[in-house]
Amino acid sequence: MKNTDIRKIRKSMEKSLEEKRYEHTLGVAYTAAALAMCHGASVESAELAGLLHDCAKGMDEEKSISFCEKHHIGITDVERRKPQLLHAKVGSFLAMNTYKVRDKDVINAILNHTTGRPGMSLLEKIIFVADYIEPGRKQAPHLAEIRRLAFQNLDNALQQILEDTILYLRDFPDDIDPMTEKTLEYYRKEKMDKEKSEV
């Protein structure tokens, strides 16, 4: 990915997103790049995935559903109830087809940035965490602690975000995407297995 492409995509996001969403997007891109530097991932890929992670946020709910139906993108029951969750699937499609991104890791990072998934790549983890901790984010449980943790132990930061997200959504059980629960279970087990092996 050349710098000129990154600049073009940044300009495209500025035009297509509301100002507040664009500011968030820049925050995620810069935070993702910093996390990539810290944890040894591709800085360019992290910045690109950060810039594009919310590229479908400008699409309204009805259009998101019809877009998915037109392009044969599967919609879960939770997504039908909460169509705003579709922006990750639609965004990954737009990244491939509109922005011509060919890096599967970048596509997956966009696709999984809201729910996570078991067995995430380093880049997927970085985008998931960057979305939560970027500088414009003001209100979230344990935010200061997770921001510190993200640069020390990315998996622990990821797990804390998942736990806080599910705890928050306990009052709205219909809004919990089963993939978020599966992801948390996966990383809890991975952590327990790692701790056992170190004893």
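When His87, His39 are ordered from fewest to most other Cβ atoms inside 10 Å of their Cβ, what list results?
Fewest-to-most Cβ neighbours within 10 Å comes out as His39, His87.
What order do you get for Cys38, Cys68 when you list them from fewest to most C-beta neighbours inside 10 Å?
Result, fewest neighbours first: Cys38, Cys68.
Could you list Lys15, Lys189 in order of exposure, starting from the residue whose Cβ has the fewest other Cβ atoms within 10 Å?
Details: Lys15 8, Lys189 11.
Listed from fewest to most nearby Cβ atoms, that is Lys15, Lys189.
Given the options Ile133, Ile73, Ile107, state which has the largest fluctuation in a GNM of the chain using a 10 Å cut-off (strictly under) for Cα springs.
Ile73
Once Rh is set to the Kirkwood radius over Cα pairs, what Stokes-Einstein translational diffusion coefficient, in µm²/s, holds for the range 49-115 at a temperature of 37 °C and a viscosity of 0.692 mPa s?
Values: Rh = 11.7 Å.
Translational D for this selection: 281 µm²/s.
Based on DSSP H assignment, which helices of the chain show an axial Cα extent of at least 18 Å together with a mean Kyte-Doolittle hydropathy greater than or equal to 0.0? Can you show the working numbers first?
Details: long enough: 3-16 (20 Å, -1.61); 19-39 (30 Å, -0.05); 154-169 (23 Å, 0.43); 178-198 (30 Å, -2.09).
Helices meeting the span and hydropathy rule in the chain are 154-169.
Which of Gln139, Gln152, Gln160 ends up with the largest GNM mean-square fluctuation for the chain, with Cα atoms connected below 10 Å?
Gln139
Percent relative contact order of the chain, based on C-alpha pairs within less than 8 angstrom and at least six residues apart?
20
Write down, largest first, the equivalent ellipsoid semi-axes of the range 3-198 in whole Å, where each equals the square root of 5 times an eigenvalue of the alpha-carbon gyration tensor.
The three semi-axes for the range 3-198 are 25, 21, 16 Å.
Check cross-link reach from Lys20 to the lysines: straight Cα distance under 25 Å, and skip same-chain residues fewer than eight apart.
Cross-link targets: Lys8, Lys11, Lys57, Lys63, Lys82, Lys89, Lys125, Lys138.
How high is the relative contact order of the range 36-135, in percent, with contacts defined as C-alpha pairs under 8 Å that are six or more residues apart?
The value is 32 percent.
Pick from Ala41, Ala109, Ala32: which is most flexible by mean-square fluctuation in a GNM of the chain where alpha carbon atoms under 10 Å apart are linked?
Judging by the Gaussian network model, the answer is Ala41.
Would you calculate the separation in nanometres between label points at Ile6 and Lys182, each defined as 7 Å from the Cα along the Cα-to-beta-carbon direction?
Inter-label distance under the simple model: 3.3 nm.
Roughly what would the spin-label model give for Arg148 and Arg81, points 7 Å off Cα along C-beta, in nm?
3.7
If each residue of separation counts as 0.36 nm, what is the full-extension length gain between Met96 and Ser121 once their alpha-carbon separation is subtracted? Please report the intermediate quantities before stating the final value.
Working: separation 25, 0.36 × 25 = 9.00 nm, distance 1.85 nm.
Residue separation times 0.36 nm, minus the Cα-Cα distance, leaves 7.1 nm.
All of the numbers you see were taken from the coordinates with simple rules; none came from a lab. Just so we're clear, the structure is a prediction, and the values are computed from it rather than from any experiment. Neighbour counts run over all protein chains shown; Cβ positions are idealised from the backbone, glycine included.
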